[in-house]
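For reference, the structure discussed in these notes is given below.
The values are calculated or read from the model by the stated rules, or taken from the named source; none is laboratory data. Given the structure is predicted, the values throughout are model-derived calculations rather than measurements. Heads up, the Cβs are rebuilt from the backbone with ideal geometry, glycines too, and the neighbour counts pull from every protein chain shown. Note: accessible area is taken over every heavy atom of the protein model, side chains too, but ligands, DNA and RNA are not part of it. Shrake-Rupley method; radii C 1.70, N 1.55, O 1.52, S 1.80 Å.
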Amino acid sequence: MTGLYPPSVGFLRFSTIAIAAVLISGCASDHRAALNKPPEFSESPSIDKEWHVFAEGLSVTIGGLQKHQFLIISEKKRNVYIQFAAGGNLGMRVEAVSEQFYPDLGEGQRKMLRDFGWMPPTYVLGPRSKGPPGGSCNYYISVSKTSSSALADFVVRTFCDVYRTRRPTALQYRAFGDKGDFKYDLRLPSLGLELEPRSQIASGLEKSAG
């Protein structure tokens, strides 16, 4: 989480802070109240079914993430993403894109994020800074005692109600593990999503390097 994946066509690649410094911190306590609300859908029955299937797959996927593994779920055509950092016994940090990286996020949507239980951003990320050792430049939560199914439903509600993602087929994912000197990609077929194209990742890295 220290700049391995800088911003690309809109994805902030965990360039915030180390897991140990942020998970289960005093300013981001267990969000069970928000997570226990079931998802609400407003689309057609067929699309509702797609979201329910996706929520089930997401629950299985995040329930299986190990310490120092990361998952980024992003839209293919907009700079919208929600990302997960697994901390083992410490719990899980989850971040949803803020207006800094998605300027079309309106005030009503920002209020909805806060009402859902997301903590608001605590700083603006500069072009060459990594951020302070706490908080986030995105909306965020840190959870320790919430079931993976409740967290999956919470994320689905955020995609549907806040970012107005029409259906799961609009999403893609990138997943990887990072143990310092040992970094590796993850394949997560249980998500039922397409992998983010490597060309998109490389493009973002080249732009940031320039």
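For region 149-195, the solvent-accessible area works out to 44 Å² per residue, with a probe of 1.4 Å and every protein chain left in place. The residue among Leu90, Ser74, Phe101 whose Cα reaches farthest toward the positive pole of the charge dipole of region 56-210, with charges on the beta-carbon of Lys, Arg, Asp and Glu, is Phe101.
Is the C-alpha gyration tensor of region 61-210 telling us rounded, prolate or oblate? Criteria: a/c under 1.5 is rounded; beyond that, a/b larger than b/c is prolate, otherwise oblate. Note, shape of region 61-210 comes out rounded. Each residue of region 71-87 was assigned a 3J(HN,Hα) from its phi angle through the Karplus expression (A = 6.51, B = -1.76, C = 1.60, θ = phi - 60°), giving 9, 10, 10, 10, 6, 6, 10, 10, 7, 10, 7, 10, 10, 10, 10, 8, x Hz with x at Gly and Pro. For region 79-151, the Cβ-based charge dipole about the Cα centre amounts to some 240 debye (Lys, Arg positive; Asp, Glu negative; other atoms uncharged).
Residues whose amide H lies under 5 Å from that of Tyr140, counting only those 5 or more places away or on a different chain, are Ala96, Met119; hydrogens are built 1.01 Å from N in the peptide plane. Taking all Cα pairs closer than 8 Å and separated by 6 or more residues, the relative contact order of region 50-203 comes to 30 percent. Classification of region 82-155 by its C-alpha gyration tensor yields an oblate form. The axis ratio a/c (a ≥ b ≥ c) is 1.5 or more, and b/c is at least a/b.
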